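The values are calculated or read from the model by the stated rules, or taken from the named source; none is laboratory data. Quantities reported herein were computed from a predicted structural model and do not represent experimental measurements. Cβ placement follows ideal geometry from the backbone for every residue including glycine, while neighbour counts extend to all protein chains displayed. Note: areas computed on protein heavy atoms with side chains; ligands, DNA, RNA excluded. Shrake-Rupley method; radii C 1.70, N 1.55, O 1.52, S 1.80 Å.
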Amino acid sequence: MFDTNAVGVVRVTEAALPLLRRASNPTVVTVSGSAGSFWAVNNPDRPEYHLPTVLYSASKSAATMLTVQYAKSQPGIRFNAIEPGFTATDMTAGFEGGRTPQESARTIVRLATLGADGPTGTFQDENGELRW
């Protein structure tokens with residue numbers, strides 16, 4: 001989990017930084033999740049409260065923190081983390097329901113295509129900024 005969701009974020013970001021610095025509208029969107037949100041996993045009214053996902057949740061929390069730290073250290077590049085919503089994938093096959101990957105991608109694309117005046121260092125879902 002950590003190799004993909006946290007270390008992978010660092011590896012890809014570090015490799016892309018030279019290209020991002022030359023881009024006209026440099027933006028990075030990290031696919032994180034509210035399963036890594038202290039607020040959500042401690043709130044009994046949230047579905048994340050009931051998830052038995054120790055490593056997954058910790059790795060998503062790390063991904064969101066990496067996003068914030070990159071936003072602070074790379075002021076010319078926008079970095080935002082996204083909660084794409086519960087998505088029906090091979091990984092979630094044991095749970096019922098979920099949106100299609102195409103539906104979840106809409107929020108990711110929205111953040112990836114923000115203008116130069118868009119936010120940075122945030123954690124968002126389709127409705128805007130989330131607590132974490």
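Please find, among R78, R11, R21, the residue that is open to solvent by less than 30 Å² (accessible area, probe 1.4 Å), more than 17 Å from W132 (Cβ to Cβ), of a type in the set (K, R) and modelled with pLDDT of 90 or more.
Residue meeting the stated conditions: R78.
If you go through the stretch 32-72 and pick out every residue that is among the β-branched types (V, I, T), assigned to a helix (DSSP H, G or I) and in contact (Cβ under 8 Å) with a residue 12 or more places away in the chain, you end up with 4. Put simply, of V54, V41, V68 the only residue that is closer than 17 Å to F123 by Cα, out of contact with any Gly (no Cβ under 6 Å at 6 or more places or on another chain) and either loosely packed, with under 11 Cβ neighbours inside 10 Å or among the β-branched types (V, I, T) (or both) is V41. The C-beta contact set for the stretch 1-24 (first residue among the aromatic types (F, W, Y), second residue part of a helix (DSSP H, G or I) and open to solvent by less than 90 Å² (accessible area, probe 1.4 Å), distance under 9 angstrom, 6+ apart or interchain) comprises F2/G8; F2/A58; F2/S59; F2/A62. Residues that are at pLDDT below 95, open to solvent by 40 Å² or more (accessible area, probe 1.4 Å) and not aliphatic (A, V, I, L, M) do not occur anywhere in the stretch 26-36.
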